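What follows is one structure encoded as structure tokens, with my remarks underneath.
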Amino acid sequence: MSRPTIPIEMEIDDYGPLYAARKKVYPQSVSGTFRHIKWGLMASCLAVYYLLPFVRWNRGLGAPNQAVLIDLPNSRFYFFFIELWPQEVYYFTGLLILAAITLFLMNSVGGRLWCGYLCPQTVWTDLFYAVERLVEGDRRERMMKDAAKGTMKLQRFIEITLKHSIWLMVAWWTGGAWVLYFNDAPTLVKQLATFQAPMLAYVWIGILTATTYVLAGFMREQVCVYMCPWPRIQAALTDEWALNVTYKYDRGETRTSLKKANELRALGEPVGDCIDCYQCVAVCPTGIDIRNGAQLDCIQCGLCIDACDTVMKKIGR
């Protein structure tokens, strides 16, 4: 049999590479309504995750008193007043269905609220960025220091060491907090501190420490773009009524510098309010330009709105 002939047009890759080399993003600090909301939700999510294993709940004599506990040896799951046995797996199925519906409903009401505010990748990446700014400075300082890395001085070495030490400490406690949900938290903390805990606990702490450190410290927006399925699902749920963060093209265009815009307005020429300051790009945690339209990389966090509001107030618009 003769081999089928492949059309020439099918041999040509019109779409380019499937994976683009990462360009390091340097998000600038910003203050505003959405930034304050993100700080509040980040603190709340982290507080719940780290402290919930230590919350007590009285279930009577002989029952564990940890409020949230996955008791694998006895095949029980405790969540405050709820106790689930293996044969009640249908409750977990119902919870998963309810969680999916809630996620879709959240998207219908407020766009990608999950991606921008509540996703663990977003929360821990935001925390790692905060540490980076605290140690190395804001966007411009970090860019200058990275550009001059060939002439590393002692101060720069100390900054890098301190940053990664704090990152590892956060990642370690993240992994440590996770295993506390599978045993009595105070008891397991004591065992871990005295090196008497089961080896499996140390293994899982090591795995979760490594994944948190790599995903939040290095991969960051790459997780959202290449690993997470939700941006693809969310794009299918978007319609003309969806609430999304977008650039108001009819107000912003034609964009030009502030000085040129004032000159054109004095002549009665039409001109947009966007002065091409690139502040919306500078504060974006994924490094996109929101003015280029809807993009897969956008997590809809609204920090570009805070940046633009600040600039518009300064120029009186």
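Between Ala147 and Lys314, the contour length at 0.36 nm per residue exceeds the Cα-Cα span by 57.0 nm. Gain on full extension, evaluated as 0.36 nm per residue between Met199 and Glu263 minus their Cα-Cα distance, stands at 15.9 nm. Between Ile233 and Arg139, the simple spin-label model (points 7 angstrom out along Cα→Cβ) gives 3.2 nm.
Would you work out if segment 45-106 is rounded, prolate or oblate? Take a ≥ b ≥ c from the square roots of the eigenvalues of the alpha-carbon gyration tensor; rounded if a/c is under 1.5, else prolate when a/b is larger than b/c, oblate otherwise. Provide the component values of the computation, followed by the final result.
Values: a/c = 2.63, a/b = 1.32, b/c = 1.99.
Verdict is oblate for segment 45-106.
Here is the list for segment 207-273: trypsin sites (Lys or Arg not before Pro) lying in DSSP coil, each with at most 12 other C-beta atoms within 10 angstrom of its C-beta, are Lys248.
Would you mind calculating the gained length between Glu240 and Trp39 on full extension (0.36 nm times residue separation, minus the Cα-Cα distance), in nm to one decimal? Intermediate values should be presented prior to the final figure.
Working: separation 201, 0.36 × 201 = 72.36 nm, distance 3.00 nm.
So the chain would gain 69.4 nm between Glu240 and Trp39.
Is segment 58-144 rounded, prolate or oblate when judged by the Cα gyration tensor, a ≥ b ≥ c being the square roots of its eigenvalues, rounded requiring a/c under 1.5 and prolate requiring a/b larger than b/c?
Judged from the Cα gyration tensor, segment 58-144 comes out oblate (a/c at least 1.5, b/c at or above a/b).
Normalised per residue, the accessible area of the chain is 63 Å², obtained with a 1.4 Å probe and no contribution from ligands, DNA or RNA.
The distance separating the Cα centre of segment 228-250 from that of segment 102-130 comes to 14 Å. The Cα-based radius of gyration and maximum Cα-Cα distance (Dmax) for segment 127-261 are 22.0, 70 Å. Taking only DSSP H segments of four or more residues, each worth -39500 (n - 2.57), what value at 222 nm results for the chain once the sum is divided by all its residues, to the nearest 500 deg cm²/dmol? About -15500 deg cm²/dmol.
Restricting the chymotrypsin sites (Phe, Trp or Tyr not before Pro) of segment 74-177 to loop positions (DSSP other than H, G, I, E, B) with no more than 15 neighbouring Cβ atoms within 10 Å leaves Phe80, Phe81. Grab the beta carbon distance between Asn292 and Tyr181, set R0 = 45 Å, and tell me the FRET efficiency rounded to 0.05. Taking R0 as 45 Å, the efficiency between Asn292 and Tyr181 is 0.60.
Here is the list for segment 198-258: chymotrypsin sites (Phe, Trp or Tyr not before Pro) lying in DSSP coil, each with at most 14 other C-beta atoms within 10 angstrom of its C-beta, are Trp241.
Spin-label model, Trp173/Leu61: points 7 Å from Cα along the beta carbon direction are separated by 3.9 nm. Surface listing: Glu83, Glu88, Glu240, Glu159 arranged by accessible area from highest to lowest gives Glu240, Glu83, Glu88, Glu159, probe 1.4 Å.
By its C-alpha gyration tensor, with a ≥ b ≥ c as the square roots of the eigenvalues, how is the chain shaped: rounded for a/c under 1.5, else prolate for a/b larger than b/c, else oblate?
Working: a/c = 1.78, a/b = 1.57, b/c = 1.13.
Cα axes put the chain in the prolate bin.
Holding the Cα-Cα limit at 22 Å, pick out from Lys24/Lys248; Lys23/Lys314; Lys23/Lys163 the pairs that are longer than that.
Working: Lys24/Lys248 27 Å; Lys23/Lys314 31 Å; Lys23/Lys163 20 Å.
The answer is Lys24/Lys248; Lys23/Lys314.
Solvent-accessible area assigned to carbon and sulfur over the chain amounts to 67 percent, based on a 1.4 Å probe.
The values are calculated or read from the model by the stated rules, or taken from the named source; none is laboratory data. Please read these numbers as outputs of a predicted model, since none were measured by experiment. FYI the Cβ positions are ideal-geometry reconstructions off the backbone, even for glycines, and counts take in every protein chain you see. These accessible areas exclude ligands, DNA and RNA; they are computed on the full protein's heavy atoms, side chains included. Shrake-Rupley method; radii C 1.70, N 1.55, O 1.52, S 1.80 Å.
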